[in-house]
Amino acid sequence: MRKKGHKKEKGELRLTDKRHPMSGIASSILAAISFVSFAAACIISGADGGNAGFGVGIIGVSCFLVSIAGFIMAWMSLHQENIRPLFPTIGSLVNGLLIILYMILYILGV
């Protein structure tokens, strides 16, 4: 056992009770779903020459709402105690960037 203030030696096992929060993992999955759906909508719209119609518009709005839900889940899971922040950080960054992208596309489309 090492004393306080000493550096961890190479190869020393470090046990912790931190865990990955399920809401953080879910927010990362929602980010991936939103990104893949948006890419599919872009491909469909490009194949139709920009005239894909109402269905693709609904997909875009759905992606925006999924990203908002994922960002809120990631933000809530980042405030939990005793967690590993990897998945909530990934979820908040990707969902936040996607929200910004969707807002820019909405503003440019108007």
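The values are calculated or read from the model by the stated rules, or taken from the named source; none is laboratory data. In this text the structure is predicted, and so the values were computed from the model without any measurement. No Cβ is skipped: glycine too gets one built from the backbone with ideal geometry, and neighbour counts run over all protein chains shown. Heavy atoms of the whole protein, side chains included, go into the accessibility calculation; ligands, DNA and RNA do not. Shrake-Rupley method; radii C 1.70, N 1.55, O 1.52, S 1.80 Å.
Per residue, the chain exposes 73 Å² of solvent-accessible protein surface, assessed with a 1.4 angstrom probe and all protein chains in place.
Ranking Phe71, Ile99, Phe87 by how far each Cα lies toward the positive end of the dipole of the chain (charges on Cβ) leaves Phe87 at the top.
When the helices of the chain are scored as -39500 (n - 2.57) per DSSP H run of n ≥ 4 and the total is divided over every residue, the value at 222 nm lands at -24000 deg cm²/dmol. Between Ile104 and Met22, the FRET efficiency estimated from the beta carbon spacing at R0 = 41 angstrom works out to 0.85. Students often get this wrong, so try it: which of (i) 40; (ii) 33; (iii) 52 is percent of Cα pairs over 20 Å apart as calculated from the structure shown? It is the value labelled (iii).
Spin-label model, Cys42/Ile29: points 7 Å from Cα along the beta carbon direction are separated by 2.5 nm. For Ile83, the residues whose modelled amide H falls within less than 5 Å of its own, excluding neighbours fewer than 5 places apart on the same chain, are Arg19.
Of the accessible area of the chain, computed with a 1.4 Å probe over protein heavy atoms only, carbon and sulfur atoms account for 69 percent. Rounded to whole numbers, the Karplus 3J(HN,Hα) couplings from phi for the range 12-28 are 6, 6, 10, 9, 8, 9, 6, 9, 7, x, 5, 5, x, 5, 5, 5, 5 Hz, using 6.51 cos²θ - 1.76 cosθ + 1.60 with θ = phi - 60°, and x at Gly and Pro. With contacts taken as Cα pairs under 8 Å and at least 6 residues apart, the chain reaches a relative contact order of 38 percent.
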